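Any read-out appearing in this document is the output of simple, stated calculations on the displayed coordinates, not a laboratory observation. Computed from a predicted model, the values in this text were never measured in an experiment. Heads up, the Cβs are rebuilt from the backbone with ideal geometry, glycines too, and the neighbour counts pull from every protein chain shown.
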There are 2 protein chains.
Amino acid sequence: MNDIPALARGCAVLGTGGGGDVRTGSLAAIRAIREYGPVPLLRLDDLPGDALILPLSGIGAPTVSHEMIHGEDEPKRIAEEAERIFGRPPSAIMSSEIGGANGVAPVAWAAQLGVPLLDADGMGRAFPEVQMVSMYVAGIPADLVIMSDVAGNVVTIRPVDGLWSERLARAVCVAAGSHALMADYVLTADRARGAVIEGTVTRALEVGRATEGAADPLGALRDRLGATRLITGKLTDVERRTTGGFVRGTATIEGTGDDRGRRLTVELQNENLVAVEDGRTRAMVPDLITVVDTETAAAVQTEGLRYGQRVTVLAWPCDPLWRTPKGLETAGPRAFGYDLDYVPVEELTHG
Amino acid sequence: MNDIPALARGCAVLGTGGGGDVRTGSLAAIRAIREYGPVPLLRLDDLPGDALILPLSGIGAPTVSHEMIHGEDEPKRIAEEAERIFGRPPSAIMSSEIGGANGVAPVAWAAQLGVPLLDADGMGRAFPEVQMVSMYVAGIPADLVIMSDVAGNVVTIRPVDGLWSERLARAVCVAAGSHALMADYVLTADRARGAVIEGTVTRALEVGRATEGAADPLGALRDRLGATRLITGKLTDVERRTTGGFVRGTATIEGTGDDRGRRLTVELQNENLVAVEDGRTRAMVPDLITVVDTETAAAVQTEGLRYGQRVTVLAWPCDPLWRTPKGLETAGPRAFGYDLDYVPVEELTHG
């Protein structure tokens, strides 16, 4: 679990534009491994049933987070608070969100704490809101959130539900300078079974390695993801604004080559959420939509979108958990304010 | 400690316009006493040194709080969280802020929890911000805040200092609908000595009783407070706005009778902070400035200021703690953004 460059590339692809800048997470991970040694990757079955899993993620706006480096104290302060509450220290760190920086940075947090990293996460991708995690969809009560910020504050939230969890955590995050580290849904291994998405660290590594030395990186990435190519072209318009700790905006891609004359717009709220062409939705959340550099197949994150970039937009199916009624209610298009009934990307592509 | 009407009158006077609507606190206190029985009033010396004192207060904008009634669950949830953290239940409730609703409502909270009320508070008046308490001025680390809201959420903050405490608690309060119940600076009796203002519940009761059946209520109140009359007149202008959980504004009083031709403006931020006449400051925070009904001597709180009211403005000295350098740094005029050097009200009046 020490191939950080491959992990970072994979996490950026799974981040669908968001989840924070992977470069920040990579630097922290490389530095922490150098100082504390390599981080073992564990499967859920490797842990005793009562072992405590600490799902950690950064919360905040990507445009802020990529300028802020987590200190070493945040994971320690959160682990101490968890131990104070549960009477035992965490046995493993889990990424709450494999997409973006939050997929890579947990390697640093695990190294600093001297505990293994679990090969699982709570999304299988990136999502902007605290309650948009598999643990919530699995019906585990969102009864505890522990946050720590760069100033050293620790905030523990015992929310009545996942929506309050999001509302209060977001308010604390904004007050703390639009960035904080957070443990959400602290779980025993027994509780985690069926409530986390397993194997996603391995998947991110495989996605990151797929393009390594490939003659056709874009093709290799498509194959590995099982993705559909929505368009290849040029970024002709990027509109972004940061409000209330979120980045919202639109990216417009005009087709080139075989796609000349076509035009795709991608709506984003931290992550890429909906892709539209000629008034027809081509892909929508919770399916994954990622903008990649056409030549290198490296993911372009929201904050890296620039006029004139040569890009390809890929879309592929989300984890089946997100296609359940509770999954769609939590993170389907309507959860983001879009008046759209969810249609899987496979059907939209063939339709 | 069951003369709630007198306590409420006194707390309103000490509230200098703010601290929340005393009527809400009174109703809750009367109801709780009826249901759970009378609340004993304790002096600090009555408690063993390691007894846990839970200082409680409502936090929020007065214009919101007077429409919201605390449930019975908030104090219980906070007491439970305190017991979880300290390993023993609280032995007494303390009002963090004797001024306004926060001076009266603790009677209800104590009744609901079945514990005595401490004859002390953290201000001797009302202040708008979390760090403006005697415990902060006494140098006690602001290392724990426990909050609960009407929805049932519990938030525990371990801030690095008092300013972060205010910033994070305010953010949580606004997210919770601009009102929450809060325990700040949970103390043992030993630690509380010299760090709380003792005797203030008794003082509020005495102030409230001073006008009872008096032939000259205004004179009786002035004598009891040792207050200066700044003006008697008519409210001719009231400007108020609510922003970020605070009420800010200005009240203008034009003199009548002997004061005809004079004009006083009172600047307020939840509380009345500065009284100015002809460009001369007549009284300023942390000294107390209260607008009272000229006939009944009942305090008029910020949200009750109405055009045409016949009022008298009284001002009197704050607790000596607030006149120390740390006290003035914390809650002197500059702490509220006024470019004024503090001059005690006694000197301004004789100057």
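Karplus-based coupling profile of the stretch B:17-31, in residue order and whole Hz: x, x, x, x, 6, 5, 4, 4, x, 5, 4, 5, 5, 4, 5, with θ = phi - 60° in 6.51 cos²θ - 1.76 cosθ + 1.60 and x standing for Gly or Pro.
Note on the stretch B:209-278: percent of Cα-Cα distances in each 5 Å bin, starting at 0 and stopping at the bin with the largest distance, equals 4, 15, 18, 18, 19, 15, 8, 2, 0.
Each copy carries a label point for B:R310 at 7 Å from Cα toward Cβ; from one copy, the others' points are 8.6 nm away, ordered from shortest.
Applying a DSSP loop filter and a limit of 11 other Cβ atoms within 10 Å to the chymotrypsin sites (Phe, Trp or Tyr not before Pro) in the stretch A:302-351 leaves A:Y307. Here the stretch A:72-155 is treated as a Stokes sphere of Kirkwood radius computed over C-alpha pairs; at 20 °C and 1.002 mPa s its diffusion coefficient rounds to 158 µm²/s.
Specify whether the C-alpha gyration tensor of the stretch B:216-350 places it in the rounded, prolate or oblate class, a ≥ b ≥ c being the square roots of the eigenvalues: rounded for a/c under 1.5, otherwise prolate if a/b is larger than b/c and oblate if not. It is oblate, given that a/c is not under 1.5 and a/b is not larger than b/c. How large is the translational diffusion coefficient of the protein assembly as shown in µm² per second when you combine the Kirkwood radius over alpha carbon pairs with Stokes-Einstein at 10 °C and 1.306 mPa s? In µm²/s, the coefficient is 58. For the stretch B:4-201, what are the per-bin percents of Cα-Cα distances with bins 10 Å wide, up to the bin holding the maximum? It works out to 10, 42, 40, 8, 0, in whole percents. Shielding value for B:151-164 is 6, the average number of Cβ atoms from other chains within 10 Å of each residue's Cβ. Summary value for chain A: 20 percent relative contact order, contacts being C-alpha pairs under 8 angstrom separated by 6+ residues. Helix A:162-175 and the longest principal axis of the Cα set of chain A meet at an angle near 90°. For A:R262, the point set 7 Å out from Cα toward Cβ sits 8.1 nm from its twins in the other copies, listed from shortest up.
Label positions at B:V150 and B:D190, each projected 7 Å from the Cα along the C-beta direction, are separated by 4.1 nm.
Expressed per residue, the C-alpha convex hull volume of the stretch A:254-312 stands at 92 Å³. One decimal, nm, shortest first: give the distances between the label point of B:E206 and those of the same position in the other copies, each label point 7 Å from Cα along Cα→Cβ. Distances between equivalent label points, in nm: 7.9.
Volume of the convex hull of chain A (Cα atoms only), normalised per residue: 120 Å³.
In the stretch B:27-147, a dipole from Cβ-located charges (positive for Lys and Arg, negative for Asp and Glu) runs towards its positive end, and of B:M135, B:L117, B:G58 it is B:L117 whose Cα lies farthest in that direction. Percent of Cα pairs in the stretch A:119-243 per distance bin of 10 Å, from zero to the largest separation: 11, 29, 28, 24, 8, 0. Per-residue ellipticity at 222 nm computed for chain A from its helices equals -9000 deg cm²/dmol, with DSSP H segments shorter than 4 residues left out and the rest contributing -39,500 (n - 2.57). Note on B:K326: no lysines have a C-alpha under 30 Å away, same-chain residues under 8 apart excluded. In this label model, A:R240 and A:T349 are separated by 2.7 nm, measuring between points 7 Å along each Cα→Cβ vector. Relative to the Cα centre, the charge distribution of the stretch B:1-143, modelled as +1 at Lys and Arg Cβ and -1 at Asp and Glu Cβ, gives a dipole magnitude of about 280 debye. Helix A:200-210 and the long axis of chain A differ in direction by around 40°, with both axes built from C-alpha atoms.
Restricting the GluC sites (Glu not before Pro) of the stretch A:172-214 to loop positions (DSSP other than H, G, I, E, B) with no more than 14 neighbouring Cβ atoms within 10 Å leaves A:E212.
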